[in-house]
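First the structure, in the form of structure tokens, and then the observations on it.
Here, each number is a calculation from the coordinates, and none is a lab measurement. Predicted, not measured: the structure shown is a model, and the values here were computed from it. When we count neighbours, we look across all protein chains shown, and the Cβ atoms used for this are built from the backbone with ideal geometry, even at glycine.
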Amino acid sequence: MAAPGENLRINPDRLWDSLMEMAKIGPGVAGGNNRQTLTDEDSEGRHLFKGWCEKAGLTMGLDRMGTMFARREGTDPEALPVYVGSHLDTQPTGGKYDGVLGVLGGLEVIRTLDDLGIRTKHPIVVVNWTNEEGARFAPAMLASGVFAGVHEQDWAYDRKDKDGKRFGEELARIGWKGDEEVGARKMHAYFELHIEQGPILEDEDIEIGVVTHGQGLKWLQVTLTGKESHTGSTPMPKRRNAGLGMARVTELVHEVAMDYQPDAVGAIGHMEVYPNSRNIIAGRTVFTIDIRSPNKEVLDEMDERIRSGIALICEALDIGFEVEQVGHFDPVTFDENCVRAVREAAERLGYTHRNIVSGAGHDACWVNRVAPAAMVMCPCVDGLSHNEAEEISKEWAAAGTDVLFHAVVETAEIVG
Ligand code: HGY
Ligand code: MN
Ligand code: MN
């Protein structure tokens, strides 16, 4: 397939203006964003994105999980489209670029094609996946998981947030529940641009990450049940302290992850204590263990060691426990032809690049099960993400989107 000329580049100022415009929606408290999935802020961001897509002459689609599709016609309407996108939902204390760069980078690909008057054989579709983050409704990558046939739609609709609100009802409430069957769309290929969310590219002064693999993930939700009692008058030997149990499991998760360095990570980010009163021994704690590794055997071993460790901790403290797996995907190997298109685009454009394994999960990890997929990464400052101080440079955003443009357009086949 003919590759675009190395002089073809996107418009960095237009891309950056769009990123800053979207960042105004769902502002955080420290310069980032709180645009959690299926909130009014999410809906407002969707409307802004939809308006931009319609202004670019794209045809909008919406599926039953609320995933948005914006289609630019190709010269061959029968040809399967090349999809490009990511997610607009954020963490509660999220940054301005996680996911958003991939969606608006996809829109910038379209805008640049229109600037240059380029037609492609395959249609190109920009995607905004619903609930990539999984912060409000676990698991992460929920809509792309239904699209890839990993989750049933009814199960997804029944996911509840911490206030007991159901995904399906919240999707209907914000008015973004579409009619399209989820997963009915077939893809020629899928590309996703994303910030690295880690320190490797910046530390090595490299502009582009050619993502060959994504590490596997497990989310284990644990409920520990002790007995509420007075923190002052209950003798130490008589306490059944679920808070102490959570502390010991937190230490256990860290120790197990450290045993498998550098190919493993583990932490507990979500913690709930009941009744959470200063002078009551915690009767119940609910928390989510997040363990990840690029190596499936390591991930399974960590899972096993942690579960048996929890049993020993609870026996010693005379507390009950339940462990429910609420998220999981095995390590991912992206499509070698799509990965090659990304690598050759970086070379053609003269950007420094290196192969990289994605530490974070992405919608591309699920899409890769139903279509050839690959990712492009750009650095982020101090490798920081899932923090309102997340930052990238305009140059990094432009480099990543240039590479995305070349990979998508080459795969969609230029016809003039
Ligand atoms: O958890 C993840 O890796 C992604 O940011 N949702
Ligand atoms: Mn993301
Ligand atoms: Mn994220």
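Things to note:
- Looking only at the range 134-162, and only at residues there that are assigned to a loop (DSSP other than H, G, I, E, B) and free of Cβ contacts under 8 Å to residues at least 24 places away in the same chain, the one that is farthest from residue 328 (Cα to Cα): 158
- Once the range 123-174 is narrowed to residues that are crowded, with 20+ Cβ neighbours inside 10 Å and among the acidic types (Asp, Glu), the residue that is farthest from ligand 3 (Cβ to nearest atom) is 170.
- Checked against the criterion of being buried (at least 24 other Cβ atoms within 10 Å of the Cβ), away from ligand 1 (no atom under 16 Å from the Cβ), farther than 25 Å from residue 358 by Cα and not hydroxyl-bearing (Ser, Thr, Tyr), the candidates 70, 56 yield just one match: 70.
- Residue in the range 325-335 that is under 22 Å from the mean Cα position of the chain (by Cα) and hydroxyl-bearing (Ser, Thr, Tyr) present: yes
- For the range 390-416, residues that are within 16 Å of ligand 1 (Cβ to nearest atom) and either surrounded by fewer than 18 Cβ atoms within 10 Å (Cβ to Cβ) or acidic (Asp, Glu) (or both) total 1.
- Restricting 332, 323 to residues that are of a type in the set (Val, Ile, Thr) and either surrounded by fewer than 20 Cβ atoms within 10 Å (Cβ to Cβ) or without any contact (Cβ under 8 Å) to a residue 60 or more places away in the chain (or both) narrows the list to 323.
- Checking each residue in the range 369-414 for being basic (Lys, Arg) and either within 16 Å of ligand 3 (Cβ to nearest atom) or assigned to a loop (DSSP other than H, G, I, E, B) (or both) picks out only 369.
- In the range 342-366, residue farthest from residue 406 (Cα to Cα) [restricted to those that are more than 16 Å from ligand 3 (Cβ to nearest atom) and hydrophobic (A, V, I, L, M, F, W, C)]: 357
- Pair list, Cβ < 6 Å and 6+ apart or interchain, from the range 94-109 residues that are outside any helix (DSSP H, G or I) to residues that are within 12 Å of ligand 2 (Cβ to nearest atom) and among the small types (Gly, Ala, Ser): 95/385; 98/385; 99/86
- When residues of the range 275-300 are limited to those that are part of a helix (DSSP H, G or I) and in contact (Cβ under 8 Å) with a residue 12 or more places away in the chain, the one farthest from residue 133 (Cα to Cα): 298
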